[in-house]
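Peer 1: Can you read through this structure? Questions will come right after.
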Amino acid sequence: MLRGPTAADRMLTAQLFGTTSVAAMLLLAQATDKPALRDVALVFALLAAVTAVAFIRRAWRVREKKHDGN
């Protein structure tokens, strides 16, 4: 994850790990009948979405700056 060829590859890897952890927490919450784990999983899912949006906004800004300079 830390040595991906591009920033987008590293971000996709982080999103994959995040999605996997959310799924695991939801399964664990169901198996152990602990609704608090479900809440934690939903917070992680929300954080993953916010992180993806922030990454895209940053990458878009960098891309526009490169195109404006040429």
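Peer 1: For D39, D33, give me the order by solvent-accessible area with a 1.4 Å probe, most accessible first, ignoring ligands, DNA and RNA. Could the numbers behind the result be given before it?
Peer 2: Numbers: D39 95, D33 125 Å².
Order by accessible area, largest first: D33, D39.
Peer 1: Oh, and also: If you line up the long axis of helix 35-69 against the longest principal axis of the chain, both from Cα atoms, how many degrees apart are they, to the nearest 10?
Peer 2: Roughly 0 degrees between the two axes.
Peer 1: How about the range 1-64: which chymotrypsin sites (Phe, Trp or Tyr not before Pro) there are in a DSSP loop, with at most 11 other Cβ atoms within 10 Å of their Cβ? Show your work: numbers first, answer last.
Peer 2: On the way: sites: F17, F44, F55, W60; in loops: none.
Listed in order of number, the matching sites amount to none.
Peer 1: Please give the calculated 222 nm ellipticity per residue for the chain, where each DSSP H segment of at least 4 residues contributes -39500 (n - 2.57) and the sum is spread over every residue; nearest 500 deg cm²/dmol? Kindly include the intermediate steps, with their values, before the conclusion.
Peer 2: Details: 2 runs with 61 residues, N = 70.
Dividing the helical sum by the residues of the chain leaves -31500 deg cm²/dmol.
Peer 1: Once the Cα atoms of helix 7-32 and of the chain are each reduced to a long axis, what angle between those two axes, in degrees from 0 to 90 to the nearest 10, is obtained?
Peer 2: Once rounded, the angle reads 10 degrees.
Peer 1: Return a whole-number percent for the relative contact order of the chain, with Cα pairs under 8 Å and 6 or more residues apart as the contact set. Please report the intermediate quantities before stating the final value.
Peer 2: Working: 32 pairs, mean separation 17.9, N = 70.
Once divided by the residue count of the chain, the mean separation gives 26 percent.
Peer 1: Over the chain, one equal point on each Cα, no solvent: what is log10 I(q)/I(0) by the Debye formula at q = 0.16, 0.21 Å⁻¹?
Peer 2: -0.65, -0.88
The values are calculated or read from the model by the stated rules, or taken from the named source; none is laboratory data. Because the structure is a prediction, the values reported are computed rather than measured. We place every Cβ from the backbone using ideal geometry, glycine too, and count neighbours over all the protein chains shown. Heavy atoms of the whole protein, side chains included, go into the accessibility calculation; ligands, DNA and RNA do not. Shrake-Rupley method; radii C 1.70, N 1.55, O 1.52, S 1.80 Å.
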